[in-house]
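Colleague: Mind looking over this structure? Questions follow.
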Ligand code: SAH
């Protein structure tokens, strides 16, 4: 089923073989509540509790491809959620730091990582808008919730040459790629519309 899913994603335009290999390898059904397990290899988003969703596989693959992950890259993920995107990045041999603002999901997914032997460098309960200054700079930063605006700390925490992949917008988001060209210059590219749950500002 995972091979089939990878084929579908390839037909939809994903070309990075390492990303497709990661999709073939990561058992997505284990990241879903058992009631959705049967559907795990459809190219769809599903609820994961606390009003959140596991991103659609195409979206995970699309964002992962944009990051141009290389082994040992230091990556910051905003929005741990189910941990599926984290697992894909780990499969790509990145060193992953991931932040989740909902306590319930943070606890659940942290336990799940331990149980499964997934080893992100750090799983943090906190506010992704601030990034993770104490671990900066990063080779890339991925935001997996819809951001109403681009948080400046995330741009500031990129290495020169580093990439920020962030869906920007409220009802609908435009997938946006920033590449840091120098200390002060960023190149920006917009890459189509997506729908994410919102990146929330205040803890509540
Ligand atoms: N990468 C996840 C996608 C989960 S949906 C996966 O593969 O399953 C987005 C996640 O972002 C949710 O878990 C949500 O709680 C979290 N989130 C929302 N606002 C946030 C913020 N300000 N900081 C960190 N995480 C946030």
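Only the coordinates and a few stated rules stand behind these numbers; no lab work does. All of these numbers come straight from a predicted model, not from anything done at the bench. Ideal geometry is used to build each Cβ from the backbone, glycine not excepted, and the neighbour counts take in all protein chains shown.
Colleague: Under 16 Å from a point placed 7 Å out from the Cα of residue 184 along the Cα-to-Cβ direction: which residues of the range 144-166 have their backbone N that close?
Modeller: 156
Colleague: Got the relative contact order for the range 20-141 handy, in percent, Cα pairs under 8 Å and 6 or more residues apart?
Modeller: Values: 188 pairs, mean separation 29.1, N = 122.
Relative contact order, the range 20-141: 24 percent.
Colleague: Moving on to the next point. Mean separation of Cα pairs under 8 Å and 6+ residues apart, divided by the residue count of the chain: what relative contact order is that in percent? Could the numbers behind the result be given before it?
Modeller: On the way: 414 pairs, mean separation 30.8, N = 204.
In percent, rounded to a whole number, it is 15.
Colleague: Same structure again: Give me the one-decimal nm value for the distance between modelled label points at residue 2 and residue 114, 7 Å along each residue's Cα-to-Cβ direction.
Modeller: For the pair residue 2/residue 114, the computed spacing is 2.4 nm.
Colleague: When N counts the residues of the chain, how does its alpha-carbon radius of gyration compare numerically with 2.2 N^0.38 Å, as a ratio?
Modeller: Numbers: Rg = 15.6 Å, N = 204, 2.2 N^0.38 = 16.6 Å.
Working it through for the chain, the quotient is 0.94.
Colleague: Let me ask something else. What is the spin-label model distance, in nm, from residue 43 to residue 156 if the labels are put 7 Å beyond Cα along the C-beta direction?
Modeller: 3.9
Colleague: Cα centroid distance between the range 1-50 and the range 53-67, in Å?
Modeller: With the range 1-50 and the range 53-67 each reduced to a Cα centre, they are spaced 10 Å.
Colleague: Let me ask you something else. Let me have the relative contact order for the range 86-164, percent, based on Cα pairs under 8 Å that are six or more residues apart. Don't jump to the answer; show the numbers that get you there.
Modeller: Working: 87 pairs, mean separation 21.8, N = 79.
Contact order relative to length: 28 percent.
Colleague: What fraction of the DSSP beta bridges in the chain is antiparallel, stated in percent and rounded to the nearest 5?
Modeller: The antiparallel proportion sits near 45 percent.
Colleague: Can you give the FRET efficiency to the nearest 0.05 for residue 130 and residue 70, using r as the Cβ-Cβ distance and R₀ = 41 Å? Show your work: numbers first, answer last.
Modeller: Numbers: r = 26 Å, r/R0 = 0.63.
Efficiency, from the Cβ-Cβ distance: 0.95.
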